[in-house]
Structures are given as C-alpha cells and as structure tokens.
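Input: a single structure, listed below in structure tokens.
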Amino acid sequence: MTLHIAIDGPAGAGKSTVAQRVAKRLSIPYIDTGAMYRCVTWSALVKNISLQDEYLLAELAQSLSIKFVPNDQGQLIYLDGQNVTSAIRTSEIGALVSTIAAYPLVRKTLVVRQRKMVDESSGVVMDGRDIGTYVLPFAEVKVYLTASLETRARRRYEELILKGYTGTYEDVLHVIEQRDESDERRTASPLRKASDALLLDTTTLTIDEVVAIISSLCVTRQSRKRS
Ligand code: CDP
C-alpha cells in the first residue's frame, strides 16, 4: 500500500504505539520524528553542546546518524551506532526536548532529513507535531490524536514508572503541560491540527480501537486512490 500517513498530537496521546501498529499492519516503515528531536537533545547533553546554541545544534542535527530498526516489541533507535531507545525517553530529555525543537534551524535540518526518508520508501507512517501541516502536507491520511491532559499524564507516568522513574504523577503532568505549551506556541511549525486531519480523542478509546479506525481510513483512501 503506497500511503503516506501523518499522525500528530500532543505528548501521551498514544501516537507512537498507534503509529507502530498501523505501520506493521500495512508493512510500511514507521518514522518517529519525535525520536529525532530527542536524539539531538540527548547528543547535545553528551557532547556538552550548549542548548542555547541554535547553530551548533543544527549542525549536530545534520551530522547524527539516526536509524530506526523494527523489532518484535516495536522499534529500536540507533544513534551513531549506539542503541539509545531508552536513553532518549527519560523524563530529563522530555523536559528539555521542546526547547531544542523550537529552533527553526534545527527543525529545518531535521525536516529535510525526514522528507528524504519518505522519498526513499514507498509509503510511510510518520508521527510528530507538524507532519500533517508541514512535513507531509500531501499525506493521504492525516490524524490528530489527542486525549485529556490528565489521561495523557497518567499514561506517560505509568510508562516512566516501568522504567524506574521515581518522580511523582504531578511532576509528569507539569512537564507535559509545559511541553504542550511550548509546542503550541512556538513560531516555527507549531503543533496544530491540519484542517484536513481526522480528530481522534483517545481518552476513552483503547489502542486497538484507534488502530482499527485509522486502518479503515487507510483502506478507504487507498481504494479512492485506485479508482
Ligand atoms: O512521545 P511524545 O509525544 O512525548 O513526544 P515525542 O513525539 O517523542 O516528541 C518530543 C518532542 O519533540 C515534542 O514535545 C516536540 O517538542 C518535538 N517534536 C517536534 O517539535 N516536531 C515533531 N515533528 C516531533 C517532535
């Protein structure tokens, strides 16, 4: 199926889980653009690059080798050959990533890379904040996933607890709230629902239900493409 599927939405709405499942169902690659912003943040910390230096951060975004490797549980992320799948998902990176994602030069660099990945594959599921509005405005399927702030914070808190997080639910809620605000308010391609995206509130939906809705949307679009 040569479809381009754009999934956007705020933190904890379920984008990456749903995107991975849809990609697997359709046997097409899944590109996690949030992981790319997280990789730049993580690498800047490791290399002691100032998080205020937009130019150096954009250079870093250009030079990193980022690879997505699917496995049974989902997909692994390799940064310059190192498995950073867990390292980039800590609460520390979560609290810093939106600052870096707000820099226009960093975004420009990563968007060029993201579009190149799309050009190299026939069909893709891509998730992030600006996919339907900016990275893939031509995507045949666009979905904006959201859920109440409390539900999203609860989901993220439970995810982090499984990884040994020792902070509180309130801490997680606060970071998510700040990240949403930064993502929605920045001037460079802010988080926004594309006018032609389907709005899906996942507060009371299971992952299976969301995957089923998106999959049936894909089938409809695909048959329209053929006719
Ligand atoms: O998984 P979660 O929704 O928490 O976040 P993510 O998808 O890993 O994205 C982390 C951060 O990267 C977001 O809060 C945004 O600041 C930034 N991001 C972005 O600006 N544009 C994208 N296309 C993807 C992520």
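The values are calculated or read from the model by the stated rules, or taken from the named source; none is laboratory data. Computed from a prediction, not measured in an experiment: that's the story for all the values here. Counting neighbours? That spans all protein chains shown, and the Cβs are built from the backbone with ideal geometry, glycine included.
Checked against the criterion of being of a type in the set (Asp, Glu) and modelled with pLDDT of 95 or more, segment 90-100 has no qualifying residue.
If the condition is being farther than 9 Å from VAL40 by Cβ and within 8 Å of the ligand (Cβ to nearest atom), then segment 100-110 contributes ALA102, ARG107. When GLY123 is tested against (1) within 19 Å of ALA19 (Cβ to Cβ); (2) free of Cβ contacts under 8 Å to residues at least 12 places away in the same chain; (3) away from the ligand (no atom under 15 Å from the Cβ), only condition (2) is not met. Across segment 186-200, the qualifying residues are those that are surrounded by 19 or more Cβ atoms within 10 Å (Cβ to Cβ) and of a type in the set (A, V, I, L, M), and the one among them that is farthest from TYR103 (Cα to Cα) is LEU200. Screening the candidates GLU170, GLU140, GLU150 for the property of being more than 22 Å from ALA101 (Cα to Cα) and touching a strand residue (DSSP E or B) at 6+ places or on another chain (Cβ under 8 Å) yields one hit, GLU140.
Only residues that are outside any loop (DSSP other than H, G, I, E, B), within 16 Å of the ligand (Cβ to nearest atom), under 24 Å from ARG156 (Cβ atoms) and not charged (D, E, K, R) were counted across segment 32-77, and they come to 18. Close contacts from segment 213-227, counting a first residue that is in contact (Cβ under 8 Å) with a residue 40 or more places away in the chain and on the phi < 0 side of the Ramachandran plot and a second that is assigned to a helix (DSSP H, G or I) and surrounded by fewer than 16 Cβ atoms within 10 Å (Cβ to Cβ), with Cβ to Cβ under 8 Å and a gap of 6+ residues or different chains, come to SER215/ARG25.
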